[in-house]
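Working notes, beginning with the structure itself.
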Amino acid sequence: MSTLYIRDVPEAVAETLKARAADRGQSVSAYVNAQLALIASRPSNAEIVDRLRARDRSASVSTQAILAEVGSARR
């Protein structure tokens with residue numbers, strides 16, 4: 001496991017983290033570790049774009065079909 005040191009954390013942020021950790025019965029370190037794991041588990045915008053570009057859209061609905069359906073719903 002790695003160790004991270006975070007400097008220059010604003011006092012208000014530190015107090016909020018302490019309060020949230022206490023509400024959950026956790027140490028600040030455990031709380032922040034869990035929050036960092038949550039952040040790291042989310043894909044970046046670039047990863048999302050790459051996934052979307054890699055999708056096979058050959059069987060998807062055409063733009064014309066979508067526009068026709070929207071148009072018919074407005075009538």
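Quick one: count up the residues across the range 1-24 that are in a loop (DSSP other than H, G, I, E, B), out of contact with any helix residue (DSSP H, G or I) (no Cβ under 7 Å at 6 or more places or on another chain) and open to solvent by 70 Å² or more (accessible area, probe 1.4 Å). Quick ask: steps written out before the conclusion?
Taking the range 1-24 first, the residues in a loop (DSSP other than H, G, I, E, B) are 1-10, 24.
Subset that is out of contact with any helix residue (DSSP H, G or I) (no Cβ under 7 Å at 6 or more places or on another chain): 1-10.
Next, only the ones that are open to solvent by 70 Å² or more (accessible area, probe 1.4 Å) stay: 1-8, 10.
Adding up the residues that qualify gives 9.
I'd like to verify a number: residues in the range 33-72 that are among the small types (Gly, Ala, Ser) and open to solvent by less than 80 Å² (accessible area, probe 1.4 Å), how many?
10
Kindly indicate which of ALA30, ALA46, ALA12, ALA21 is among the aliphatic types (A, V, I, L, M), free of Cβ contacts under 8 Å to residues at least 12 places away in the same chain and within 17 Å of MET1 (Cβ to Cβ).
Working: ALA46 fails: within 17 Å of MET1 (Cβ to Cβ); ALA12 fails: within 17 Å of MET1 (Cβ to Cβ); ALA21 fails: within 17 Å of MET1 (Cβ to Cβ).
After ruling out the rest, the residue left standing is ALA30.
The values are calculated or read from the model by the stated rules, or taken from the named source; none is laboratory data. Worth saying up front: this structure is predicted, and the values here are computed from it rather than measured. FYI the Cβ positions are ideal-geometry reconstructions off the backbone, even for glycines, and counts take in every protein chain you see. Side chains are part of the model used for accessible areas, which takes the heavy atoms of the whole protein and leaves out ligands, DNA and RNA. Shrake-Rupley method; radii C 1.70, N 1.55, O 1.52, S 1.80 Å.
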